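Everything on this sheet refers to the single structure shown next.
The values are calculated or read from the model by the stated rules, or taken from the named source; none is laboratory data. Nothing here was measured: the structure is a model prediction, and the numbers come from that model. Positions of Cβ are generated from backbone atoms using ideal geometry, with glycine treated the same way; all protein chains shown enter the neighbour counts. Areas reflect the complete protein model, heavy atoms only, side chains present, ligands, DNA and RNA absent. Shrake-Rupley method; radii C 1.70, N 1.55, O 1.52, S 1.80 Å.
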Amino acid sequence: MTPTDDNNATGIVFNIQKYSVHDGPGIRTVVFLKGCPLRCHWCSNPESQAARIQLAYNQGRCLGLSHCVRCVEMCFSGAISRGEDDRIVIDRALCVECTRDCTSVCPSNALITYGARRTVADVLRTVEQDSPFYARSGGGMTLSGGEPLLQEDFALALLREARKRRIGAAVETCGHARWEALDAACRLSRTLLFDLKHMDPARHEEGTGVANDLILENFRRVMEHHPKLHVMVRTPVIPGFNDGDADIEAILDFLAPYPHVEYHLLPYHRLGTQKYHFLGREAPMGEARLDEARMSGLLRLVAARRGRS
């Protein structure tokens with residue numbers, strides 16, 4: 001993809017969230033790209049994981065097959081069929097990105113599409129709607145996911161075109177990406193938000209599906225090649241995974257040579273549980289909850305070590 005083609009580059013976006021204040025400096029518009037190489041048990045955006053458009057089903061909204069069969073009749077692949085209790089069943093192996101939009105015929109919006117193919121120009125048209133807020137607050141566009149660099153051509157085209165339009169960019173990454181893509185993203189961004197979830201490779205793989213060697217190596221290379229880049233490291237605190245003092249101490253030890261790097265703890269929440277059910281999946285974390293006292297203790301630990309939480 002050459003820079004002159006950037007406006008026409010396409011990718012799969014599953015959300016654009018305006019007025020965010022937690023995804024980089026100032027007021028930001030967050031563009032969420034589908035696809036992620038990790039499968040974190042605590043993921044609050046399960047619709048972000050697959051790098052394809054997906055059909056979701058909110059059974060609570062469905063009118064029932066005794067009242068409506070429009071989606072069954074619309075689906076030519078046989079992915080939607082009659083199930084028990086007057087409800088439909090979706091065979092996700094048969095459900096592919098097709099030209100017949102079953103969601104458009106659902107009168108109760110029980111069928112939802114996660115993801116849409118969009119161009120760079122289209123995305124930035126939405127982002128630019130709030131440009132006055134960026135100028136006043138020092139904000140801009142943040143690319144998130146999933147892992148935005150999994151769609152690296154699209155992500156880099158967005159960043160290049162944002163720079164042309166003087167939109168300050170930030171990238172949120174899990175760090176599990178090709179170095180060449182991450183390096184290019186750093187050169188085009190003002191801020192990098194980098195997740196560090198666990199220092200132990202085996203525990204990291206248990207919780208996310210991948211080891212952390214590439215992630216840690218990429219972080220070291222960012223520090224070496226982009227010493228002036230504004231970097232914010234974040235750790236989602238997950239009950240039973242990394243909520244012990246020793247878990248956070250290990251990350252703090254790793255970050256000790258980089259005092260200029262911001263470090264933040266993010267408390268686990270269960271806001272994405274319902275979306276697992278919409279996708280026909282069980283939420284891996286079940287009813288787990290983060291102890292508030294435990295989180296407060298970890299915040300004090302970070303403040304003591306780095307002078308801030």
Could you tell me which of GLY168, VAL210, MET199 has its Cα farthest along the dipole of the stretch 166-216 towards the positive end, charges placed at Cβ (Lys, Arg +1; Asp, Glu -1), taken about the Cα centre?
GLY168
1.4 Å probe accessible area per residue over the stretch 3-89, in Å²:
48
Taking every pair of alpha-carbon atoms in the stretch 15-80, give the share separated by more than 17 Å as a whole percent.
64
Might you report the magnitude of the Cβ-based charge dipole of the chain about its Cα centre, with Lys and Arg at +1 and Asp and Glu at -1, to the nearest 20 debye?
980
Tell me what the chain gives for mean residue ellipticity at 222 nm when only DSSP H runs of n ≥ 4 count, each as -39,500 (n - 2.57), the sum divided by the residue total, rounded to 500 deg cm²/dmol.
-9000 deg cm²/dmol
Specify which residue in the list PRO132, LEU156, ASN109 is farthest towards the positive end of the charge dipole of the chain, using unit charges on the beta carbon of Lys, Arg (+1) and Asp, Glu (-1), about the Cα centre.
PRO132
Based on the Cβ-Cβ distance from GLU224 to ALA303, what FRET efficiency comes out when R0 is 25 Å, to the nearest 0.05?
0.35
Nearest-5 percent of antiparallel DSSP beta bridges in the stretch 103-248?
0
Before I look further, what does the stretch 122-267 give for accessible area per residue, probe 1.4 Å, in whole square angstrom?
40
Can you figure out the FRET efficiency of HIS260 with LEU94, using R₀ = 41 Å and their beta-carbon distance, to the nearest 0.05?
0.20
If you roll a 1.4 angstrom probe over the protein chains with everything in place, what fraction of the accessible area of the stretch 2-56 belongs to carbon and sulfur, to the nearest %?
50
So in the chain, what percent of DSSP beta bridges are antiparallel if you round to the nearest 5?
40
Find, to one decimal place in angstroms, the Kirkwood hydrodynamic radius of the stretch 85-188, where the mean of 1/r is taken over every pair of different Cα atoms and then inverted.
16.4
Quarter of Cα convex hull surface for the chain, i.e. mean projection, nm²
17.2
Hull shadow area, averaged, the stretch 155-226 [alpha-carbon convex hull, nm²]:
4.7
How many percent of the accessible area of the stretch 87-232 is carbon or sulfur, using a 1.4 Å probe?
49
In sequence order, what are the phi-derived ³J(HN,Hα) couplings for the stretch 265-280 according to the Karplus relation 6.51 cos²θ - 1.76 cosθ + 1.60 with θ = phi - 60°, rounded to whole Hz, with x for glycine and proline?
9, 10, x, 4, 9, 10, 5, x, 4, 4, 5, 4, 5, 4, 8, x
Modelling each spin label as a point 7 Å along the Cα-to-Cβ direction, I'd like the ALA202/ARG87 distance in nm, to one decimal.
4.0
Given all pairs of distinct Cα atoms, the stretch 1-155 yields a Kirkwood Rh in Å of 17.4
Gap separating the Cα centres of the stretch 109-153 and the stretch 8-44, nearest whole Å
7
Amide hydrogen neighbours beyond the local backbone of ARG87, cut-off 5 Å, H modeled
LEU65
With Cα coordinates, the longest principal axis of the chain makes an angle with the long axis of helix 245-255, in degrees rounded to 10, of 70
Under a Cβ-only charge scheme (Lys and Arg +1, Asp and Glu -1), can you give me the dipole magnitude of the stretch 167-309 about the Cα centre, in debye to the nearest 20?
560
Carbon plus sulfur fraction of accessible area for the stretch 252-309, probe 1.4 Å, in percent:
53
